[in-house]
Structures are given as structure tokens and as C-alpha cells.
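The values are calculated or read from the model by the stated rules, or taken from the named source; none is laboratory data. Because the structure is predicted, anything quoted here is derived from the model rather than measured. Every residue, glycine as well, gets a Cβ built from its backbone with ideal geometry; the counts of neighbours run over all protein chains shown.
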Amino acid sequence: MADRTLISSDDFQPLADWSEDTENHYLIVHLPEFKKEQISITCVRSTRVIRLQGQRQLANYRWSRFNQSYTIPQNCILDKIQAKWQDEIISITMPKEIVTPPPVSASKDEAKTPQQAQKTKQEQSPPKGASSSYNIDGKRQADELLKAQKPEKKETGDQKGQDKTSPQLPQVGSTSKKSDDREMLKADRNVEQTSKDFTKGTAAGSKKGLKGKKHKSGDKKLKERKAVKEMAMEDNKEERQAMVNMGVAILVLVAFGAYVSYTIASKANEN
């Protein structure tokens, strides 16, 4: 009889370390007491996996084996993966895909020149001296006009002395100033009158609007009352028609009963 020998194998679990930098991913696998000829490396593109296999003999019928798979990161280039064997260590380098960000378009404000930016600021800023409010009475405008027409007088010391000693002469321009003041007062009165007329007009318009609303509401009520009356009339007509129909039916039944009684009586007389 031939001798039968049994071959046993021990599963070996290698130690693996992952690391990375800005350009590459690194996989380092420690395989103590293994030789380069006893190891095979394959890259499976379909599943993006690196598979390491190896075995070495421990004794006559004992072997140490390993079969490990490592997933390749998604941002790695498969065609540029490299492996290196040194001092019972496999170093696998997996380069990363460098994704360049799209160019950021310059904003509208940055694209403008300094002169254009100043023009836009000037256009956006409100004009100086513009009045922020308007008085409907017109008093503010009249005061401003009076101030503009009356220049400020600055008297020196000599002029004050002359005024005290010398008699005051009639000024030629005083009459024109008085006439201007009268015209301004008339303008103020006209403006006040227009404002009063405006307020009266708005009040009258509001009253007319209220009267129109009341008139519309009254028309709606009349229409509703007419609709209710028409509904009541229709109901009365239907009731009358039903009563007429019932009377006709009663008359028909009475006539039919009389006819039946007559026929029965005539037959009895014949017999």
C-alpha cells in the first residue's frame, strides 16, 4: 500500500498601513520571512481592488499562505499604480487625480475701472441740496424766498456813527421792497387758499365715495329682496298648480265611480 501524506496550511494575516499626502495614497504591507518570488500582486480594474497572494513552506508538509484584497480609493489613477519590494515590505503608491477648479469669473465691481466705479457712485448718490420734504401750505417756500431777498447787512463802526449823527434820508429801494413783501403775502394767501381748496376737494370726494358705496349697498339689498319675492311667487305658483292637479284627479275618480255604478245598475235591471 502507498503512503498517504496530508498537506496542511496556515493562514497568515499580514499587517497593512494606509497613508496619503496631497499627491498620492500609500499602502504598506509587512510580509516577514517571505521572499519576492513567493508573492504575486494583481490589480482588478472592474472592482478597483489590489489583490496580494503568497505562500511559503514551513516544514515538509506545512505551508503559510495569505490572500488579501485592498480597495483602491476613487480618486486614484489605475494606470499609474506602482509597487516596490524592499526588506520584506511591499510599498504600493497610488497617484491621485488632480482636479483643477474652474476659473472664478471676476465680479462686476472688480472688473470695473476706478473711473467707472466713481461714476457709478456719483450716479447712485442723491444730488446735494435736494429738499427731503415738501410743505403743502407753502409757508416754508415763502420763508426761504424772503430770506433770499433780504441780504444780511454788516455795519462797521464808522457807519454806525454816521447813522447816529446824520439824519436818515428816504431810501429809494424801500418802496420796491414793500411791494415785493406785499406780493409775497399775496402768494402765501393764494397758496393757503389752494391748500384749503385741495382739502375741501378731498373731503368732498371722500363723501361722494361714501354716498356711492351706500347707494351700491342699497341696490344690492333691493336686488336681494326682489330675488326673495320672486322665489316666493314661484313657490306659490307651484303650490297652486299642485292643488289644481289634485282637484282634477278627484273629479276623474268621481266620474269613474259614477260610471262603474251606472254600468252595474244597468246590468242588474236587465237581469
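Taking Gly257, is it modelled with pLDDT under 85, surrounded by 10 or more Cβ atoms within 10 Å (Cβ to Cβ) and not aromatic (Phe, Trp, Tyr)?
no
In segment 58-91, what count of residues is obtained for those that are free of Cβ contacts under 8 Å to residues at least 40 places away in the same chain, more than 60 Å from the chain's Cα centre (by Cα) and either surrounded by 11 or more Cβ atoms within 10 Å (Cβ to Cβ) or closer than 16 Å to Tyr26 by Cα (or both)?
Result for segment 58-91: 1.
Can Ala16 be described as outside any helix (DSSP H, G or I) and surrounded by fewer than 11 Cβ atoms within 10 Å (Cβ to Cβ)?
no
When the residues of segment 21-38 are narrowed to those that are touching a residue at least 60 places away in the same chain (Cβ under 8 Å) and surrounded by 11 or more Cβ atoms within 10 Å (Cβ to Cβ), which ends up nearest to Leu58 (Cα to Cα)?
My answer is Val29.
So, of the residues in segment 56-72 that are part of a strand (DSSP E or B) and among the hydroxyl-bearing types (Ser, Thr, Tyr), which turns out to be farthest from Glu88 (Cα to Cα)?
Applying the filter and picking the extreme gives Thr71.
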